[in-house]
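Scroll down for the structure; my scribbles are underneath it.
Only the coordinates and a few stated rules stand behind these numbers; no lab work does. Keep in mind that this is a model prediction, so the values were computed, not measured. Heads up, the Cβs are rebuilt from the backbone with ideal geometry, glycines too, and the neighbour counts pull from every protein chain shown.
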Amino acid sequence: MNSLLGVLIGVALLYLFVGLRVSRRAKTAEAFFVGDRKLGPGLIFSTLLAANIGAGTTVNATALGYSYGASAWWWVGSAGLGSLVLAWWIGPKIRRRSAEAGLRTLGDYLEWRYSPGVRTLGAALLVPGSLFLLAVQLTAMGLLLQVVAGTPHWVGVVIGGSVATAYFAAGGLAGAARVNALQLVAEYGGFFLLIPFAIVAAGGWGSLVSRVPTGDYWNLTSSGPAGVWYLAMLGPAFIVSPGLLQKVYGAADDRAVRLGVGLNAVALLLFAAVPPLLGIIARSQFPDLADPQLALPTLLQEGVPAWVGAIGVAAVFSAELSTCDAILFMVTTSVSQDILRPMLKARAEEAPFLRLARGAAVVSGGLAVALAVAAPSMVGLLTIFYSLLTAGLAVPLIAGLYTDWAGPRHAAAAMIGGMVGLTAARLLELPARSPWLSEAVVGLAVALAAFGVMALLGPRTPIQRE
């Protein structure tokens, strides 16, 4: 067996062991979905940060740094800025609503605040997108092992999908949060150890700078397709992401939300400099890569001492696993709570429903593995999914929290309008004309317009909820 593959399998088995050890805590659906609403600031911080550092914030952001330089900071930086809004304005408010009304998913919130129809519409947007996003993460894991360990692509996909599915299906939110804390140590420790060794291997900072482009390559705000416009595309997605909001539901109180999510935001803002820097280092050592997505795997394999590369690979592997379980959490809760449970009328039967939720996790993980093996070139779906969250969910979620009159027709108009705007922007190729006309920006603008039109057409009567 390849020694590096052996290390990764050992890391995977460690996470699996911890997840299964904690699984006995998840004896009820409430524990599985929201950790009995007992997560303190430390677990909120670690589970959100681990979820936010994945294939997009490592492999993809390093590729952007390789191609466009310093402006790739905004890929992860936008997530940090969005998380600040979640920490101080959206998170505490929606946590209180979830605790008061016994909500477990974003779909629960949409039904409680609007109607069952709005819940169904939200699930229809979320479930397919989440499955494809999980497949993207597994694809990145397959690519990593293919480059650094020489395994077939499907091996990495199956390993990652099986491990994340197993420990999440066993322990739910509580189990995943504790595994995430361990993963976070590997992620941060590995990446920050990697930087100095990579700079030394590149011949020092001066030599490194002399071998990469000048001018806009070092412009933080913009350099080609990357730049500050990512804030409009990605920032809102980290405010309204169902996976992140449902982790917030598990917080013990508002302080846990503000402190845990806020520290996650600060850590993201600091981490945002790491992938662009690694991409720049990779560009100085390997200027002729056929695919920028290979920048990080190649740097780990050939650009640093072998033992440093092994630690770095374990960090990337951990990052991708932690994001996989976060996405699996999102799709599982939506499938089981928002789609299957109302159909089966099993609201009062907690034990059978817990089995249903675990079964949904296994099936969802299996479908994502199959998608990743069958269609390995899906990295572009990352931006599509983030755009989907922004265009389809941002307006009804925030309007529901900060108005007492917005009703089902307002929410449905905003969600449908957002999807129409997103689709039109893609079909008309508006992003090619200007990055500020991205699918997310256009979709959000149309969603706001549709919401405003519906508000003007009818009376603003406060909604009465039981």
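Simple spin-label estimate for Ala449 and Leu428 gives 0.8 nm between the two label positions (7 Å along the Cα-to-Cβ direction from each Cα). Diffusion coefficient (Stokes-Einstein, Kirkwood radius over C-alpha pairs, 20 °C, 1.002 mPa s) for the chain: 97 µm²/s, rounded to a whole number.
With a Cα cut-off of under 19 Å and a minimum spacing of 8 residues unless on different chains, the lysine pairs in the chain number 5. Residue exposure proxy: Glu30, Glu439, ordered by other Cβ atoms within 10 angstrom of their Cβ from fewest to most, comes out as Glu30, Glu439. The Ala351 and Lys38 beta-carbon pair, evaluated with R₀ = 22 Å, returns a calculated FRET efficiency of approximately 0.60. Let me check I've understood the local charge: for Ala198, count other residues with C-beta under 12 angstrom from its C-beta, Lys and Arg +1, Asp and Glu -1. What total comes out? Surrounding charge for Ala198 is 0. When peptides 58-67, 316-325, 303-312, 414-423 are sorted by average Cβ neighbour count within 10 Å, with the highest value leading, the order is 316-325, 58-67, 414-423, 303-312. Working from Cα pairs under 8 Å separated by at least six residues, relative contact order for the chain is 30 percent. What is the Cα centroid distance between the stretch 149-173 and the stretch 212-233, reported in whole angstrom? Result: 34 Å between the Cα centres.
Using only alpha carbons, the stretch 301-453 has a radius of gyration to Kirkwood radius ratio (Rg to Rh) of 1.08. Charge tally for Phe451 (other residues, Cβ to Cβ under 13 Å; Lys, Arg +1; Asp, Glu -1): +2. Residues within the reach of a label modelled at Ser3 (point 7 angstrom out along Cα to beta-carbon, backbone nitrogen below 20 Å), restricted to the stretch 176-201, are 190, 194, 197-198, 201. Separation of the stretch 96-115 and the stretch 304-355, taken as the distance between their Cα centroids, equals 21 angstrom. Net charge of the neighbourhood of Leu106, taken over other residues with C-beta under 13 Å away and scored Lys/Arg +1, Asp/Glu -1, is +3.
Between Arg21 and Val228, the modelled labels are 4.8 nm apart [label points 7 Å from Cα along Cα→Cβ].
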